[in-house]
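Written below as structure tokens is the structure these notes are about.
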């Protein structure tokens with residue numbers, strides 16, 4: 001029976017790590033990379049928590065799921081903790097990614113340098129628009145030709161891609177999702193403003209930029225209301 005998103009659970013798939021903890025691991029990873037680049041050898045839980053924007057208690061609890069407790073009075077060894085988190089996130093291997101939809105957003109995603117630096121290799125760009133098919137797009141310093149979406153199956157099979165990115169209009173997103181799943185893609189990053197129906201075992205992450213802007217607008221409005229209330233008090 002299809003579901004509107006991947007099955008929800010309080011516990012992640014990797015070693016019983018809670019989903020909430022998994023969602024924070026990339027923040028810790030990013031902060032540790034910055035510390036490593038500055039030559040930092042040891043970091044306290046308070047320093048790392050501050051860099052990641054969480055409480056030190058939450059950070060210590062999250063890291064305990066990785067079996068990393070640090071040393072009292074010393075803290076965490078940056079390089080070792082970085083490796084532990086990278087391993088938990090699956091970043092110690094390269095992942096093949098296909099992007100479907102090569103409009104403005106698709107172009108921007110294809111050119112994003114953070115993919116390659118974090119172990120994600122874009123192995124295929126696809127679109128249904130004849131005006132885009134055949135275009136060369138620079139991805140991580142190499143030219144990738146936009147191919148007809150009908151050729152998606154061949155690329156997924158030959159590269160072993162298990163991650164797909166949907167950057168298409170809302171109207172075609174579900175059809176593209178169905179095609180990705182049918183050809184063996186089991187993880188999908190969805191930029192289309194629609195909830196996708198996927199079978200059990202397929203995980204979907206939805207990125208809705210408009211929703212994020214609306215949340216920011218809410219906070220801006222609240223701040224304006226507080227200022228107004230203070231001025232009229």
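Bear in mind that the values in this text are calculations on the coordinates, not laboratory data. None of the values given here were measured: they were computed from a predicted structure. Note that we place each Cβ from the backbone using ideal geometry, even for glycine, and neighbour counts take in every protein chain shown.
Ranked by Cβ crowding within 10 angstrom, fewest neighbours first, how are 41, 163 ordered?
Going from least to most buried by this count: 41, 163.
Relative to the longest principal axis of the C-alpha atoms of the chain, give the angle of the C-alpha long axis of helix 170-182, reported between 0 and 90° and rounded to the nearest 10°.
With both axes taken from Cα atoms, the answer is about 90 degrees.
Apply the Debye scattering formula to the chain, with a single equal point scatterer on each alpha-carbon and no solvent, then give log10 I(q)/I(0) at q = 0.11, 0.18 Å⁻¹.
Relative scattering, expressed as log10 I(q)/I(0), comes to -0.71, -1.30.
Calculate the translational D of the stretch 74-155 in whole µm² s⁻¹ from Stokes-Einstein, where the hydrodynamic radius comes from the Kirkwood formula applied to all Cα pairs, the temperature is 37 °C and the viscosity 0.692 mPa s.
For these conditions, the coefficient is 231 µm²/s.
Quick check: residue separation of residue 23 and residue 143 times 0.36 nm, minus the Cα distance between them. What number comes out in nm?
Between residue 23 and residue 143, full extension yields an extra 40.0 nm.
Taking 0.36 nm per residue of sequence separation and subtracting the Cα-Cα distance, how much length would be gained by fully extending the chain between residue 230 and residue 116, in nm to one decimal?
36.2 nm
Measuring from centroid to centroid over Cα atoms, what is the spacing of the stretch 74-113 and the stretch 158-233 in Å?
When both Cα centres are located, 18 Å separates them.
Could you work out the Rg to Rh ratio of the stretch 162-232, with Rh taken as the Kirkwood radius (inverse of the mean 1/r over all Cα pairs)?
Ratio value, two decimals: 1.29.
The stretch 95-211: D in µm²/s via Stokes-Einstein (Kirkwood Rh, Cα pairs, 25 °C, 0.890 mPa s)?
Translational diffusion coefficient: 175 µm²/s.
Could you work out how much longer the chain between residue 30 and residue 182 gets when fully extended? Use 0.36 nm per residue separation minus the Cα distance between them, nm to one decimal.
The residue 30-residue 182 span can extend by a further 51.4 nm.
Can you sort 222, 60 so the residue with the fewest Cβ neighbours within 10 Å comes first?
Fewest-to-most ranking of 222, 60: 222, 60.
For the residues 144, 207, 165, what sequence is obtained by ranking on other C-beta atoms within 10 Å, fewest first?
Ranking 144, 207, 165 by Cβ neighbours within 10 Å, fewest first, gives 207, 144, 165.
How big is the stretch 19-89 on each of its three principal axes, counting only the C-alpha atoms and giving the largest first in Å?
Projected onto its principal axes, the Cα set of the stretch 19-89 covers 31, 22, 21 Å.
Taking the inverse of the average 1/r across all pairs of different Cα atoms in the stretch 138-185, what Kirkwood radius in Å do you get?
Computed over the stretch 138-185, the radius equals 11.7 Å.
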